[in-house]
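Written out below as structure tokens is the structure these notes cover.
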Amino acid sequence: MTPKTRAWLLILLILALCGLALWGVIWYRSRSLSPAAMLKRLPTDDAVVLYIDFSRLRAGGILELLDSSRVGEDPEYRSFVRQTDFDYKQDLDAAMVAFAPKGKFMLLKGRFDWKSLKSYVQGNDGRCNNSFCKMAGSSPEKRISFFPMQSNFMAMAVSDDESGALRMNTVDARGDAEIPNAPLWLSIPPSVVKSGQSLPPGTQMFARSLERAQAVTLAMVPEGDHFAAKLNVRCANDADASALAVDLNKTTGLLREMIERERQKANPADLSGFLTSGAFRSEGARVSGYWRITRALIENLLGGS
């Protein structure tokens with residue numbers, strides 16, 4: 001083999017390696033993150049985690065109900081849509097949000113006009129360094145930062161750390177967590193359940209029963225012409241789970257009696273009908289619960305009633 005031939009082979013080898021490396025980067029950035037993979041990038045210690053599959057809810061007609069909700073009335077949101085050409089009802093496919101003690105951390109999947117988003121940040125006294133952008137929020141402790149994790153995935157944080165979004169570049173080394181197969185689910189840490197913070201009126205009595213839980217997940221799933229909320233609680237042992245199921249059933253019965261004592265009827269269109277429809281059972285160290293969700297209840301909740 002002549003020196004000239006060896007030189008050409010070396011050049012071709014280098015080009016092939018560069019092409020392979022480039023293909024690997026493109027493949028990595030284009031692959032879809034599963035909900036389990038998304039969860040491993042969020043700070044979950046003492047955090048309430050919310051997951052919404054907008055594409056599935058959109059297919060089920062649920063997002064149409066948001067047209068009359070207060071979200072669309074917010075002037076700041078209308079201004080954001082106008083300047084960035086982004087509307088979550090059309091452009092967002094999935095979102096996972098961790099409401100952590102140090103802020104809100106979000107992974108958003110959808111269609112983003114990154115150029116318009118950068119212009120929006122720069123037009124509001126923010127700045128972008130390559131693809132990483134940051135700007136001030138509505139208060140000093142709210143600093144907004146975001147960057148494209150993939151072309152269709154945004155990592156965003158609202159916290160007192162102006163570079164908070166970079167936290168989601170770190171992947172938790174623990175194994176995949178148990179995640180419901182549902183278009184909408186909520187994971188509630190024991191610390192929040194025990195404190196009762198930010199819980200809607202009428203639900204605190206249920207929270208007291210859940211104080212012995214180690215993990216609590218609430219999922220919303222479609223069932224024919226309505227939805228259902230399904231509770232999954234992990235306890236330390238079988239005895240705790242059995243006692244919890246008894247407590248939850250007793251609490252539901254007590255709520256029914258309170259409503260009847262006031263000579264009223266539980267209304268399927270508000271929380272009274274939802275909470276009194278609950279049924280619970282234990283199996284081993286697990287407790288499962290079930291509530292029926294009517295379309296009227298969803299409309300009232302989205303409308304702010």
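Just how far, in whole angstrom, is the stretch 135-159 from the stretch 232-305 if you go by their alpha carbon centroids?
First find each Cα centre; the distance between them is then 36 Å.
For the stretch 76-129, what size does the Cα cloud have along each of its three principal axes, sorted from largest down, in whole Å?
29, 26, 22
Can you tell me the alpha carbon radius of gyration of the stretch 34-169 divided by the globular rule-of-thumb value 2.2 N^0.38 Å?
On the way: Rg = 14.6 Å, N = 136, 2.2 N^0.38 = 14.2 Å.
Normalised by 2.2 N^0.38 Å, the Cα Rg of the stretch 34-169 equals 1.03.
May I ask you to derive the FRET efficiency for D172 and M258 from their Cβ-Cβ distance with R0 = 51 Å, giving the value to the nearest 0.05? Could the numbers behind the result be given before it?
Numbers: r = 43 Å, r/R0 = 0.84.
Once rounded, the FRET efficiency stands at 0.75.
What does the extension gain come out to for E211 and E283, with contour length at 0.36 nm per residue minus their alpha carbon separation?
Numbers: separation 72, 0.36 × 72 = 25.92 nm, distance 1.83 nm.
Length difference between fully extended and current span is 24.1 nm.
Less than 17 Å apart at the alpha-carbon level, and either on another chain or at least 8 residues along: which aspartates and glutamates does that give for K265?
Correct list for K265: E257.
FYI, it's all coordinate maths here, none of it is from the lab. In this text the structure is predicted, and so the values were computed from the model without any measurement. Ideal geometry is used to build each Cβ from the backbone, glycine not excepted, and the neighbour counts take in all protein chains shown.
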